[in-house]
1. Taking the Cβ-Cβ separation of A:Leu352 and A:Ser325 as r and a Förster radius of 35 Å, what is the calculated FRET efficiency to the nearest 0.05?
2. Given +1 on the Cβ of Lys and Arg, -1 on the Cβ of Asp and Glu, and no further charges, what dipole in debye does segment A:365-454 carry about its Cα centre, rounded to the nearest 20?
3. Counting other beta carbons within 10 Å of each Cβ, put A:Leu75, A:Leu158 in order, fewest first.
4. Assuming R0 = 56 Å, what is the FRET efficiency of A:Ala21 and B:Arg163, from their Cβ-Cβ distance, to the nearest 0.05?
5. What is the order of A:Phe178, A:Phe439, B:Phe208, fewest Cβ neighbours within 10 Å to most?
6. How far apart, in nm, are two points set 7 Å out from the Cα along the Cα-to-Cβ line at B:Thr127 and at B:Lys150?
7. Please give the residues of segment A:329-352, grouped as numeric ranges, whose backbone N is less than 13 Å from a label point set 7 Å along the Cα-to-Cβ vector of A:Ala431.
8. So, in Å, what gap is there between the alpha-carbon centers of segment A:333-370 and segment B:306-365?
Amino acid sequence: MSPPISSDLGYIPPDGGWGWAVVFGASISIGFPYSFPKAFTIYFKELQAVYSISYSQVAWITSILCATTYGGGPLSSILVNRYGSRPVVMLGGLLCGVGMILASFCTSILQIYICVGFITGLGFALNLQPSVIIIGKYFLKRRPIANSLAMAGSPVMLCSLAPLNQFLLDNFGWRGSFLILGAILLHCCVAGALFRPIGAATASVKTRVTEEGKAALEKKVTEDAMEMNSPMNVPMENKTEEEGGKNCCEKINQYLDFSLFKHRGFLIYMVGNVLMFLGFFAPLVFLAPYAKHTGIDEYSAAFLLSILAIVDMFSRPTTGIIANSKWMRPRIQYFFSFSIAFNGTCHLLCPLASGYTGLVIYTVFFGLAFGMVSAMLFETLMDLVGAARFTSAIGLVTIAECCTILLGPPLGGTLIDTFGDYKYMFIKCGAVMVLVGAFLFIMNYYNYRMLAKEEKERKAKEDDPESVRTENEGRNNWDKETTQGGPELEPLREEQEGLKKQVNGTNEF
Amino acid sequence: MRVVFSAKGPGRLLQRLLLVLLLCPFLSGRSPADPTMITQDANQSQGNSLTKMQAELNESSDNTSYEPITRTVNWKTQDNSPDDLTLGHSVSTPDITTQELKQAANESLSNGTYVEYEVLLPGVSGTSVGKNITLSSATRIELSCKLDKKYPHLRGLQVTWKRGNETIRHINKTENSWSIQLMISDNSQLGNYSCTLKGEEEISAVFFLEVPKIETKEKLIVSYERDTAIMICKSSYAPISWTWYMTNGSEQITINDSLLADKYVISGISANVTQLKITKLTKEDDGVYLCEAAFELGKSKGKLKLKVLSFIVPLKPFLAIVAEVVILVTIIFLYEMYLKKKEKRAEYEREFDQIEQLKSEESNGLENSGPRHRRI
């Protein structure tokens, strides 16, 4: 199975306390980037009329928004590695707000592409990644629950933003709505303010305060040493690895860890997820049109999406609780691949759904599956890569996912247009997800076995005293001679120590 | 589409119909190769497809000349009623019917339009059946009321066709259906035509003949000062012309876009759709706008409401929300600073305590080691 849960952060995360405030902030900060593009489609008709453009041209706004949100991942990772989560999220919130405020003054569709697409999209990118990163810093034992609660912010935001957008549009027109939306997006700054920095230094301060007596002082000393060691270890490792003087690579690795591409688990995750997103969002986009195509009226079709959001809202925390259970946590990668395959099966069975009741049942299962996958999306990456390298990992993964996320719905659209039938789109999405689920399952099984093997080898090395001796005393000539009779010398050494003690004792006289 | 042969006494009627079929081309003076449409009793459930076909015919018709012999175009909607009087022998030959329909449509181009509408009378009094018929150009129309086979007790009763108070002469098409033929060529002829079956109770059906309706955005259009507003009106049939009015209280003012070309721009995106663009909005532009479509048979209006707001209106909630955000962020930071100070104070106190402890232990140790040493 997976290696035991251990922290490679250099400190023990609190797993509670202020962490829950951080989760609340993260749910706001994650909710906006995911729900805003979907809720924004309410303005499409209005913008189409005002600027006399076609639907595909106005749909570019959300495409650019999504592309920038995911494409800005590496930039976000670099900034977090350098400055920490809090300043980045606050900057992101400011950017989002400013982008929408500027958009309310726009006079052409190109300006709206820039303001809403690029500026707000960049703001979202600076919001999304750091929020996920900071959860990994605050939680370890309860990390799946924390992750799923933070991801649950997305359907909650969607349910509230959609009617809010409609209300704003009816009362203030699209310009006033953009202005007020800009102010609402500034709440990401509030979320950012909640992201109190935490790290090895601050954790040691906490232990200084909580423990009493001499023991506390001693601990402080050791932890300071650890704190000093951890940043020094990294550059030392880098130096030993690349003694050819490749300074720029070291620097880049400090900001964005490209050595992750040698990490087996990371590669498995990346390949699986990049392929998964080909079929992840398309059914969501085409659910309402498909419902209308089968003869259901517009309001009932919209209601299907509401059902999906509500089921999603409850499915995410529940998945988190299940994933956090003692039995599931070591096998979380299997749970993730199962949920992807479950999602795929739902889509494959969708064309069999007849009438409104059938579609409602499909929507309920889709909502369940969607929530399960979303809740564990980042948790599994954290589990594979570890919280320390997660910062860079998420940046690299999001920019790779960016392409397939954008390709997915248009690909589905072309399938629908070519065959004139929605079922091929569902079959394609379902097939892709089932295959990815199977792929992840098999590859993670292999990964777990390799990890167990490596763990065994490492333990064997530690237990063997000979190898330890040779490593420690290789330089000293005197030691080289003595290593030949290493085990024999031990009792001698002990005798020496015992003599020393006696001498000390006599000295005390 | 099903071609249904009425079959009372199937054999005899069929023969009669065949005769008519054969004789018709000679009567009209047309070549026998022209396909003829058989007048059929058609059952209509909702007649939506019918009105659509009607619309296509109307759009393509010239309306210039009307010849006495016209093509009757009848087609069935999806009809599954088992009580169909005409069901005796139903032939469904979709290919043939669509061919015939197409050719009929082509011919009506030059001949004008003729449509039939039929309604089934309800058996229960008090319920009235109605049918909305949209006409955009001059048509010859035949309205018929048919009695359902379900109600044999109502047979043989008198039927009157009325428009308002005026009675219209009708023809007994068959034993249980009565129809009137009308030539609708101007607005005054539109209205409600009803057929009433007088017996112990009165049973009636009404046909509402009207001009096409205009679709507009029903919600308020909100715009801002110095901004541009766009208003769109759509119609299901192409009108002859569009006119825009602005209502100022009770009076209607025609919008002349050539006069105020920089303020108003009227453009037609297509024949069915018109667009009014108002630039440089001011408070006076606030109000109700009417778009009027002129059809051959009359005019139809659509209403749009425009509201012009000043920029201060959304600014107030905006500033309120920004203020709230700033306050929240300040509270969070202040709380954090307060916690840090508390921690530092507590830490300082603990260090002080620990130092004191160390000092006391050292002094204790020295005292202790002394006696021990001496003891040995």
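1. Plugging the Cβ-Cβ distance into 1/(1 + (r/R0)^6) gives 0.60.
2. Roughly 200 debye for segment A:365-454.
3. A:Leu75, A:Leu158
4. Efficiency for this residue pair is about 0.15.
5. Ascending number of Cβ neighbours within 10 Å: B:Phe208, A:Phe439, A:Phe178.
6. 0.6
7. A:348
8. Spelled out, the Cα-based centre of one part sits 46 Å from the other.
The numbers here are math on the coordinates, done by the rules we state, and not lab data. In this text the structure is predicted, and so the values were computed from the model without any measurement. Using ideal geometry, Cβ is built from the backbone for each residue, glycine included, and neighbour counts are taken over all protein chains shown.
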